[in-house]
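A short write-up of the structure that comes next.
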Amino acid sequence: MKQMGKYFAVVFLTLFVWSVAAASPTAVFAAKADKAAKAPKAAATVNVAKMGDMSDFDPGNPVTPTGDTIKIAVVAAFSGPSAYNGQIYYAMVQWVAHDINKRGGLLVDGKKKLIEVIKADHQSKVDQCKKVTERMALQEKVHFFWGTDGSHFMKVINDTARKYKIIAINATCMSDDLQDAVNFSPYAFHATFSTASVARGLAYYYGQIRKKEKKFYILNQDYAFGRQFAEDFKQGLKEYYPEAQVVGEDYHKLFLTDYAPYLTKIKASGAEVIFTGDWLPDAGNLLKQARQMGITLPFANVYVDEPNYLNETGVEGTKGLVNISAYYDTTPFFKTKEHIKLYTTWKEQQKKWKTLPYSSIAFQHFTANAAGWVMTTYWAMSVLERAQSTDPEKIIKIWENDSFEYINGKVVKMRACDHKAIMDLGVTEYVPPQEQKVAMNIPPYFWFKNASYTGPVYKVPAAKVLPQMDQKLDRCKGKNEWGE
């Protein structure tokens, strides 16, 4: 079998996500690198021509192999207030598994093996996360952990992965301290964007690209991620937009139902933009209540992008939202026939699904944050096949310094010393349906009739927002932010 990276098709959901978080004291920055652009060449990429037969794929009715399989435990909330996140994650990982299985599986450990995806419900409880990851390691004997909605849970996953020498794929959590000198694990890979990169990326966009609004109000969830995300944004403003002001700063508990006290303060503050790292369900509920209170300010956000909430809020209520993503590159969105094929394959298949949430409008398109999660899963499986083994030490050897090309041409690289992904970021402004053609450049030339959505996309170069590197981590001492 040729490199998986050479042929893996990639899926994108328009889902969004919503799982971030956790503790994160500011890391010690690495020696500053020359911030000239450095475009790595991809060791692996995608080949849509060999995408498996997806005609029977249904995340609500999955085809799950058993026996001598490659086991991936999706550790997330599948119950409780964050359960929607787990459903999304499972669908994405299951899509990748279905595709690979339809191709005949992967040649590892001297034989072809199919991929089995297992739900591991942490119920949004730390103790339960410890219990379920232990069970996945000892009873299910999984080869990979995949997570999750909450960096505090990702830390538990990484700790268990270190204990039992299992590869942990961090596909969603942003907190930089997950791979600092205190928490670093050689078995964990932070394969998505990081808190510092995202917050500084939004500051870069407003200060170096948009150059309009100057007054920002910070409103985040009240735990370590929310507070660190705010600090990183303020640092980004000093770096890229020193004339900007933070006119207010507040934090609210997770899964709140009434944001009125905070929104009232925002309304009186003179703010021009609300900066938030909130994830679902808070992100959607915050948007809806703000609009109900007559607050029309744009949100600079990561996760205020869930289509159900957007369509409920309407075109005018979602116009001008500014979203940053690990997947976005530049517009137009579709640049190749292969990308269009992937998109239409998903879109046509989704019409058949009868089970919520998969039958909802949220799953119609592939874009935004979740596309990056899907890409991360393909990347990990590409590394596995190139290692030709489920031996974690062999996987680590391949993934360190590896690079991977997304279906849209974006190349990401895994920094070897601390296992953090380096990537360009993309910022988009949501525009009404009649203006969405700038991004949605195939019929019907708009994403949604009842919501503003992805319009022009602006690239934030990786060189401007390199992830934090902790020089107290022995592996990183003396290296610059590129890991060199």
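Numbers for the structure displayed
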item: Ranked packing of 111-121, 317-327, most packed first, by mean Cβ within 10 Å; result: 317-327, 111-121
item: Packing-based exposure ordering (other Cβ within 10 Å, fewest first) of Val108, Val156; result: Val108, Val156
item: Cβ-based charge dipole, the chain, positive-most Cα from Gln436, Pro332, Tyr259; result: Pro332
item: Kyte-Doolittle at least -0.5, axis length at least 27 Å by Cα - qualifying DSSP helices, the chain; result: 83-102, 368-387
item: Over 24 Å (Cα to Cα) - which of Lys215/Lys464; Lys215/Lys288; Lys214/Lys234; Lys112/Lys341; Lys111/Lys347 fall in this group; result: Lys112/Lys341; Lys111/Lys347
item: Global geometry of segment 243-341, whether rounded, prolate or oblate, following the gyration tensor of its Cα atoms and the 1.5 cut on a/c; result: prolate
item: Mean Cβ count within 10 Å, highest first, over the residues of peptides 377-389, 289-301; result: 377-389, 289-301
item: Theoretical gain in end-to-end length, Arg210 to Tyr445 [0.36 nm per residue, Cα-Cα removed]; result: 82.1 nm
item: Estimated FRET transfer efficiency when R0 is 25 angstrom, pair Arg475-Leu138 (beta carbons, to 0.05); result: 0.30
item: Mean separation of Cα contacts under 8 Å, 6 or more apart, over the residue count of segment 281-409: relative contact order %; result: 22
item: Contact order relative to length of the chain, as percent, for alpha carbon pairs under 8 angstrom and 6 or more apart; result: 24
item: Cβ-Cβ FRET estimate between Arg162 and Gln434, R0 fixed at 60 Å, reported to 0.05; result: 0.70
item: Shape of segment 46-181, Cα gyration tensor, a/c cut at 1.5; result: prolate
item: Given charges at beta-carbon only (K, R positive; D, E negative), |dipole| of the chain in Debye; result: 880
item: Value at 222 nm in deg cm²/dmol, rounded to 500, when DSSP H runs of n ≥ 4 in the chain each add -39,500 (n - 2.57); result: -9500 deg cm²/dmol
item: Entries in Lys211/Lys420; Lys165/Lys352; Lys165/Lys413; Lys41/Lys351; Lys141/Lys253 that, when Cα-Cα distance is taken, lie over 28 Å; result: Lys211/Lys420; Lys165/Lys352; Lys41/Lys351; Lys141/Lys253
item: Förster-model FRET efficiency, 41 Å R0, Asp127 and Asp258, C-beta, rounded to 0.05; result: 0.90
item: Relative contact order %, segment 102-141, counting alpha carbon pairs below 8 Å whose residues are six or more apart; result: 22
item: Positive-pole candidate from Gly284, Ile166, Gln245, dipole of segment 160-284, charges at beta carbon; result: Ile166
item: Segment 415-449: trypsin sites (Lys or Arg not before Pro) falling in loop per DSSP and having at most 14 other Cβ within 10 Å; result: Lys449
item: Residue exposure sequence - Cys417, Cys129 - by fewest surrounding Cβ within 10 Å; result: Cys417, Cys129
item: Lys/Arg +1, Asp/Glu -1 at C-beta; segment 182-265 dipole; positive extreme among Val182, Ser194, Phe225; result: Ser194
item: Free-standing Cys residues across the chain, given no other cysteine C-beta under 4.7 angstrom; result: Cys129, Cys173
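We did not get these values from a lab; they are worked out from the coordinates using the rules stated. Not measured: the values here are computed from a predicted model. Note that we place each Cβ from the backbone using ideal geometry, even for glycine, and neighbour counts take in every protein chain shown.
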